Structure formats: structure tokens, C-alpha cells
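This report concerns only the one structure given below.
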Amino acid sequence: MIRMSTVTEIEWTDATWNPVTGCTKLTAGCDFCYAERFSERFRGVPNHPFETGFDLTLRPERVTQPLSWKKPKRIFVNSMSDLFHKEVPRAFIDKVFDTMEHADWHTFQVLTKRSSLLTRYLKHRYGDGLAPPHIWLGVSVEDAKNTVRIKHLRAAQASTKFISFEPLLGPVGAVDLTSINWAIVGGESGPRSRPMEEAWALEILKQCRAQKVAFFFKQWGGVRPKSGGRLLKGREWNQYPKSSANKRAAQIAAE
């Protein structure tokens, strides 16, 4: 049986859950995708979870997994894919959201580059309402060319919104963080990693502080994720958004 990962080296989450694996590339941030690199190592290996490499694959047997995980966790949804890939059927996304809504003792972190599809889906599912606060919806932005995703996210019917500026490949310029709760910044890792300049990260930090957005500095990157460490201006930045979901998790943990 394939299980949810209870161990992850991703600093801003506790666990990963992959009801979908595999993806296709969109922009420069996808060029040296860590998930593709990992998956393709096992292409053709009989009975391996990644026997088909990084081909988009629905995993219906995994859809209800978080319901059996009783201890509250932050769960990164589809660390090995994108839930809003155009080839993922809406009915399948519905099942994933059904599970997330029911498992409200967890905090789910959903990250996408398909920001317009995210916005449309939330409108379809919630009408004039909002997604529950324990389901965090976010977009990935690697440079100024892709800040339109932030515009889509601001319009999305989500209670808790976040941006992952990773891999940060260039300056993003001035961005409107209205209604955004959290920003993550990180450099690229892997054998072909592209360096991140300090000025790009500090530009985002300054805007987060001015607009009262929680800031999390994940890594500098390098050949390995830990190569450059996690210090920015001599300290770690581990802020999380203030959310009723966090309070709910704390209450359950104390029971």
C-alpha cells in the first residue's frame, strides 16, 4: 500500500500528500523541476509508484488518506504535481476537496502555477463563499513575468492565501499583497540550480513587512537544498499566517 509521506524535508510543512503525481512544464520555474528529476529515476521500474516517471497520474487510492491521519499536521498537497493541471478532471479535484473539507483538524497547503484554473474552480465550488480557512490556497511565482498569478490569487475565493517565490529566479518588482496572508521565498536546488540574489529576497521581505504579510525564508539553494543554509540578514524567518485553522489544530492537540 502506498502511504502518505509522514517525513519531509520541506521546511514549511509537516507532511506531503499526493493524490496526483506528474505534471508538464509551464514557465522557467519548471525547467529543472525536482519532482520530475526524482520521478524519472524510476521510470520503467516494475511496480514502483513512479513506474511511469513524471507522466500525469491520478492516484484514487490515496484520496482519503488524510482522514486516517489523526494528529493535526500541515499537509502540502501534491508536492509531486499540480492539482489544477488542465488534465486533472474536475470530478477528481472535487474528491480531493471533499477530503480536505472533512479532515478539518489538518491544515492543507495547495500550491499551483495554474492560477486562473484555481480561481475558476473555487468559484465553481463555493459560489459567493470562501474556501474553509484550514485549506490554504497558493500560487508559485518565480519572477516578474509571472506576477499575474498574484492578481488571480487576490481574486480567488480563498480564506487563507499564500505565495511561494521559489525558485526565485529574478526580481519580482512591486507587488500588491492585498488579502495575501503568507509569502515563502527560496532559491533553486539541484545539479543545475540557478543562483538567487540577496536583493531579490530582501525586496520581497520589505514588501511583506510593509503590507503585514507573514514571511518565511526557506533556503538559498544550491546543489542540495541545504547547501546555502536558511539565514537571511543573519537570521531565520519562520513566520506563518495567523489562521483560525492554526487555533483549531492547537485545540485538538490539547484534547
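Any read-out appearing in this document is the output of simple, stated calculations on the displayed coordinates, not a laboratory observation. Here the structure is a predicted model, which is why all the values come from computation and not from measurement. Cβ placement follows ideal geometry from the backbone for every residue including glycine, while neighbour counts extend to all protein chains displayed.
Output ³J(HN,Hα) for the stretch 86-95: one whole-Hz value per residue in order, computed from phi by the Karplus curve 6.51 cos²θ - 1.76 cosθ + 1.60 with θ = phi - 60°, and x for Gly and Pro.
Computed from phi, the couplings for the stretch 86-95 are 5, 9, 8, x, 4, 4, 6, 4, 4, 5 Hz.
Taking amide H positions as placed in the peptide plane 1.01 Å from N, state which residues far from LYS113 in sequence (5 or more) or on other chains have amide H under 5 Å from it.
SER140
Return P(r) of the chain (all Cα-Cα pairs; 10 Å bins starting at 0; whole %; ordered from short to long distances).
For the chain, the binned pair fractions read 7, 31, 38, 21, 3, 0 percent.
Pick from PRO46, PRO171, PRO72 the residue whose mean-square fluctuation is largest in a GNM of the chain, springs joining Cα atoms under 10 Å.
Of PRO46, PRO171, PRO72, the most mobile in the Gaussian network model is PRO46.
With springs only between Cα atoms under 10 Å, which of LEU58, LEU26, LEU168 fluctuates most in a Gaussian network model of the chain?
Answer for the Gaussian network model of the chain: LEU26.
Between GLU197 and GLU9, what length in nm is gained on full extension when 0.36 nm per residue of separation is reduced by their alpha carbon distance?
Extra length from GLU197 to GLU9 when fully extended: 65.4 nm.
Given the options SER227, SER140, SER79, which has the most mean-square fluctuation in a GNM of the chain, springs set between C-alpha atoms less than 10 angstrom apart?
For the chain, modelled as a Gaussian network with Cα springs under 10 Å, the answer is SER227.
Skipping prolines and chain starts, which residues have an amide H placed within reach, meaning under 5 Å, of the one on PHE165, given they are 5 or more residues away or on another chain?
VAL141, ILE184, VAL185, GLY186
Which of TYR121, LEU67, ILE93 sits farthest toward the positive end of the charge dipole of the stretch 48-127, with +1 on the Cβ of Lys and Arg and -1 on the Cβ of Asp and Glu?
Checked the options; the winner is TYR121.
For the stretch 15-254, what's the relative contact order in percent, using C-alpha pairs closer than 8 Å and at least 6 residues apart? If you can, show how the numbers build up before the last one.
Numbers: 493 pairs, mean separation 36.7, N = 240.
Value for the stretch 15-254: 15 percent.
Nearest 5 percent is fine: what portion of the DSSP beta bridges confined to the chain is antiparallel? Write down the numbers at each step before the final one.
Values: 5 of 34 bridges.
Bridges in the chain that DSSP calls antiparallel: roughly 15 percent.
Would you kindly derive the ³J(HN,Hα) couplings of the stretch 190-195 from the backbone phi angles with the Karplus curve 6.51 cos²θ - 1.76 cosθ + 1.60 (θ = phi - 60°), listing them in order in whole Hz, with x for Gly and Pro?
x, x, 10, 4, 9, x
How far is the Cα center of the stretch 86-152 from the Cα center of the stretch 174-197, in Å?
19 Å
Give a residue-ordered list of calculated ³J(HN,Hα) values for the stretch 143-150 (Karplus: 6.51 cos²θ - 1.76 cosθ + 1.60, θ = phi - 60°; whole Hz; x for Gly, Pro).
Per-residue couplings from phi come out as 6, 5, 5, 10, 6, 4, 4, 5 Hz.
Using only C-alpha positions, report the orientation-averaged shadow area of the convex hull of the stretch 30-112, nm², one decimal.
Across all orientations, the stretch 30-112 yields a mean hull projection of 6.1 nm².
Return HIS134, HIS48 ranked ascending by Cβ neighbour count within 10 Å, so the fewest neighbours appear first. Working shown, then result.
Working: HIS134 23, HIS48 13.
So the residues, fewest neighbours to most, are HIS48, HIS134.
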